Amino acid sequence: MSYLAWFDEIPDGELALKAGGKGASLCRLIRGKLPVPPGFIVTSGAFNFFMEEHGFFDRITKSLEGIDVDNNQQLAGIAQDIRGTITGTKICADLDDAIRSYYARLGVSANSPVAVRSSGTAEDLDDASFAGQQETYLYVTGEETISHYIKLCWASLYNDRAIFYRKHKGFGERGISIAVVVQRMVAAEKSGVMFTANPITGSRDECMIEGSWGLGEAIVSGIVTPDSYVLGKDGGIKDIFVSEKETMIVRGNDGSGVEELEVPEDKKNIQVLSEDELKGLVDLAYRVERYFGKPQDLEWAIEKGELFLLQSRPITTL
């Protein structure tokens, strides 16, 4: 079954098409010997095979032909039906077996689960951005559940927002596809984002870092105001803002999924990152910038003192 690949196996010229935007970035980071958690790609070919095997592309195209996407009720109903059809259909035995095999070879356990992330093949086009429209699932455990979450990622290609956006941008339904990243979950005690150029001032001599307790989804979703740090390329600290961090996202109490918790009182108003951690982050930021040859927007996490890189994309606002 050729629809799965480890991060270092897809040729450069095929990355965008097979791995999608998020997956392609991770594959390139691995090749740069950067500290990315191990994982594999369920390529867009797997999605295309699944959809063609069951005739779903034709059915979906027909169901969306006459839709009024500005009619919220109609859009929601059709989108829900499409997603239900995808999630309610079994993946063929060969593909399911291949997914289970790759999961087993990833070497994770109940205490070291995976993240299952959508990676659209049209995430970073010049005239449209589909990034952030599809789903991510964290702390997924057990080989018997992986295929289910992969289908949930596939189905999220047909959420209300995504269909609405494609219609208004004039994208045909057959012109899109989606890959899925399955990656060892980093149980982050602290995490955040960083920019290898200051996105506020435009200075390319400064690195801006944002950090909070727990998983970075708290920052991405806007439920917490993170600490903010501005440093020079030499690691010298120029500015620190320490916020009151009331909420953090952590592993769910039952071991799967995530939940929001109140930050302990003794951590709410203290600085998340130490000077050594800030220096390590700046060093990593500029390793990545040199590797790609342009300023980058990065996602990072620290687990038991070890720094991991979770994503990198070009800064487009400079």
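The values are calculated or read from the model by the stated rules, or taken from the named source; none is laboratory data. This structure is a prediction, so every number in the text was calculated from the model and none was measured. Note: ideal-geometry Cβ built from the backbone for every residue, glycine included; neighbour counts use all protein chains shown.
Apart from one condition, G235 fits all of (1) touching a residue at least 40 places away in the same chain (Cβ under 8 Å); (2) in a strand (DSSP E or B); the exception is (2). Consider F50 carefully, then state whether it is in contact with a Ser or Thr (Cβ under 9 Å, 6 or more places away or on another chain) and in contact (Cβ under 8 Å) with a residue 24 or more places away in the chain. Here the answer is yes, as F50 does meet what is asked. Could you grab me the full set of residues in the range 289-310 that are on the phi < 0 side of the Ramachandran plot and not in a strand (DSSP E or B)? Selection gives E289, R290, Y291, F292, K294, P295. Output yes when any residue across the range 252-274 is modelled with pLDDT of 95 or more, among the hydrophobic types (A, V, I, L, M, F, W, C) and more than 30 Å from S109 (Cα to Cα), and no when none is. Yes, the range 252-274 has at least one match. For E277, indicate whether it is modelled with pLDDT of 95 or more and either under 30 Å from G142 (Cα atoms) or exposed (fewer than 15 other Cβ atoms within 10 Å of the Cβ) (or both). So E277 does not fit the description; no. Quick check: is even one residue across the range 286-302 over 25 Å from I200 (Cβ atoms) and aliphatic (A, V, I, L, M)? No, the range 286-302 has no match at all.
Of the residues making up the range 65-76, those that are surrounded by 13 or more Cβ atoms within 10 Å (Cβ to Cβ), of a type outside the set (V, I, T) and over 27 Å from the mean Cα position of the chain (by Cα) number 1.
For beta carbons closer than 8 Å, sequence separation of 6+ or different chains, a first residue in the range 82-105 that is in contact (Cβ under 8 Å) with a residue 24 or more places away in the chain and in the same structural domain as D58 (by TED's automatic domain parsing) and a second that is basic (K, R) and not in a helix (DSSP H, G or I), the qualifying pairs are D96/K90. Suppose the filter is of a type in the set (V, I, T), touching a residue at least 12 places away in the same chain (Cβ under 8 Å) and touching a helix residue (DSSP H, G or I) at 6+ places or on another chain (Cβ under 7 Å); does I30 pass it? Judged against the criteria, I30 is not a match. Restricted to helices (runs of 4 or more DSSP H) entirely inside the range 1-119, those with at least 1 residues that are closer than 24 Å to G172 by Cα and modelled with pLDDT of 90 or more are 15-31, 44-53, 56-65, 72-87.
Residue count for the range 223-275 under the criterion of being within 22 Å of A197 (Cβ to Cβ), over 27 Å from the mean Cα position of the chain (by Cα) and of a type in the set (V, I, T): the result is 2. Restricting G305, G255, G293 to residues that are in contact with a Phe, Trp or Tyr (Cβ under 8 Å, 6 or more places away or on another chain), assigned by TED's automatic domain parsing to the domain that holds K233 and either surrounded by fewer than 16 Cβ atoms within 10 Å (Cβ to Cβ) or under 27 Å from S119 (Cα atoms) (or both) narrows the list to G255.
Scanning the range 280-290 for residues that are without any contact (Cβ under 8 Å) to a residue 60 or more places away in the chain and surrounded by 15 or more Cβ atoms within 10 Å (Cβ to Cβ) turns up just one, G280. When E244 is tested against (1) part of a strand (DSSP E or B); (2) surrounded by fewer than 16 Cβ atoms within 10 Å (Cβ to Cβ); (3) charged (D, E, K, R), only condition (1) is not met. Could you tell me whether G192 is modelled with pLDDT of 90 or more, within 16 Å of the chain's Cα centre (by Cα) and over 17 Å from I41 (Cβ atoms)? Spelling it out, G192 is indeed modelled with pLDDT of 90 or more, within 16 Å of the chain's Cα centre (by Cα) and over 17 Å from I41 (Cβ atoms).
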